[in-house]
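Step one of this worksheet: look at the structure below.
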Amino acid sequence: MKEKDIISNIASRLAITELNAMQKRMASVKTGGNTITLLAPTGSGKTVAFAIALLKSLGPADGRIRAVVMAPSRELVLQIFDVIRPIATGLKTVAFYGGHSMQEEKNSLSVTPDIIIATPGRLLDHITRGLVDLSGVRTLVLDEYDKALELGFADEMKRVCKKLTSLSLIILTSATRLDELPPFLPVTQTSELIDFSSDCSPRRRMQIVNVPSPTRDKLDTLIDLLRSLDNGRVIVFANHRESVERIYSALRKAGLPAGIYHGGLEQNDRENAIEMLNNGSTPILVSTDLGARGLDIPELSAVVHYHLPPSPEAWTHRNGRTARQQASGEVYVITSEGENLPEYLEWDRELVPQGKSSDPIVSDTTTLYFNVGKKEKISRGDIVGFIVAKGNLDAGAIGRIALRDHSALVAVPLKEAARLIDTLNSHKIKNTRARISRLGR
């Protein structure tokens, strides 16, 4: 694709009218025999940055797959897909990931795609089944490559890379630097580091706040802190699943609108938790470091470290969830006496929470689950029209709608939820009988 067409599509389809310095730099990279390592913090716009370079690198269509993007999580794959597909006009882009229907993915290969965005394991599955031929791929992107290695995907990525025999451009992205590149990558003529980790750093827009706990058990301090914060979206990070479960239960018992996110949950439950954070149903999310990156979470006002992060990298990635895209954010670290504080902690101030706020974190929204979606030919407009006509709810009261292949999540006023469920379940949407229920509380 031509650069002017890519930039035009970014403006019209993603509503980004001015590229930042990193995105402009990636637009100028050489696409022949080059390996680019892009270092940039979460929320800095690096998906758009590497998408520009990827699309510019594609030569004339030849009936073969021309680019592959690998990412370590389903959520990140879908996030990248939602950026690349709208701006890759005239090109076929597909997404492969665990939990998605294998038959639907197989059907999407009836016409050879130009670009595949996939988790390593699912892409390898398609290769093993003989469904894809990567011999013509010229461009490879490994997004969050350090996280992929950390999660144990080195073998899958190595086996996929062996099939990439025609590469001319490799792009690796991360928020933190690896000591050395993965040995399974093909050798290119040149290797270049593009480091925007400092230039784009959100640290200057963050307030790092020490919140001392009078006891080793920090739960009471956490509850007081959350009750002291102004209304907004918050992630509370803990180091272990068991701790996340315990914190979540305590917050719910205290009446705080909390959700939960960790690797032991079913994929669908994790996706629902993120959507309910984003749509305001549960504006507090308790998470392990699985939630530190690879998720599309806008407008996060604060991060809380219930446990000290296990590494400088974890500190960076956790904090990268706030102060995104030039916004400001606050980072609260709950500390207890006797804890060894890492050297990278630099306090801007200290806070002893009083457990009250003039504008506390609350939720007057809940989420309705529809068991129909895109594959049933249902659109967001169909859902809005259905709720307005059959549920007698003003369109302005309907919140964010997440439309998936076979389901939809819709934010509605909490006080209207029971009535809407009772009313809407007695009607069809576009001649389709839908089962509608309520998620969470």
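General remarks:
- Contact order for segment 202-350, expressed relative to its length and based on alpha carbon pairs under 8 Å spaced 6+ residues apart, stands at 38 percent.
- Close amide H pairs (under 5 Å, H built 1.01 Å from N) link residue 96 with 117, 118, 119, residues at least 5 positions away or on another chain.
- Using θ = phi - 60° in the Karplus curve 6.51 cos²θ - 1.76 cosθ + 1.60, the 3J(HN,Hα) couplings for segment 281-289 round to 5, 10, x, 10, 10, 9, 9, 7, 5 Hz; x is entered for Gly and Pro.
- Taking the C-alpha atoms of the chain, convex hull volume expressed per residue in Å³: 151
- Cα gyration tensor category, rounded, prolate or oblate, for segment 202-350 with a/c compared to 1.5: rounded
- Sorting the segments 102-108, 361-367 by their mean number of nearby beta carbons within 10 angstrom, highest to lowest, gives 361-367, 102-108.
- Cα gyration tensor shape of segment 58-131, rounded if a/c is under 1.5, else prolate or oblate by comparing a/b with b/c: oblate
- Amide H contacts of residue 141 (H built 1.01 Å from N, under 5 Å, at least 5 apart or other chain): 68, 69, 70, 171
- Within segment 3-195, all pairs of alpha-carbon atoms sorted by distance into 10 Å bins from zero give the percentages 9, 40, 39, 12, 0.
- Annotation: amide H-H contacts under 5 Å for residue 373 (H modelled 1.01 Å from N, sequence separation of 5 or more, or interchain): 378, 407.
- Karplus (6.51, -1.76, 1.60) ³J(HN,Hα), θ = phi - 60°, over segment 358-369, in Hz, Gly and Pro reported as x: 6, 9, x, 5, 9, 9, 9, 10, 9, 10, 8, 9
- Max mean-square fluctuation residue, GNM over the chain, Cα-Cα springs under 10 Å, options 115, 80, 401: 401
- Structural descriptor for segment 114-178: relative contact order 45 percent, calculated from alpha carbon pairs under 8 angstrom and at least 6 residues apart.
- Charge context of residue 216, other residues only, Cβ under 13 angstrom, K/R +1, D/E -1: -3
- Segment 361-430: translational diffusion in µm²/s, Stokes-Einstein, Kirkwood Rh over Cα pairs, 4 °C, 1.567 mPa s: 107
- Additional length obtainable on full extension of the chain from residue 150 to residue 427, 0.36 nm per residue less Cα span: 94.9 nm
- Spatial separation of Cα centroids for segment 363-393 and segment 128-153, in angstrom: 36
- Taking 23 Å as the limit for the C-alpha separation, the pairs 162/375; 56/106; 375/428; 377/415 exceed it in the case of 162/375; 56/106; 377/415.
- Average Cα contact separation per residue, the chain, under 8 Å, 6 or more apart, as relative contact order %: 16
A short reminder: the numbers here are calculations on the coordinates, not readings from a lab. Remember, it's a predicted structure, so these values are computed and weren't measured experimentally. Virtual Cβ from ideal backbone geometry, glycine too; neighbours counted across all protein chains shown.
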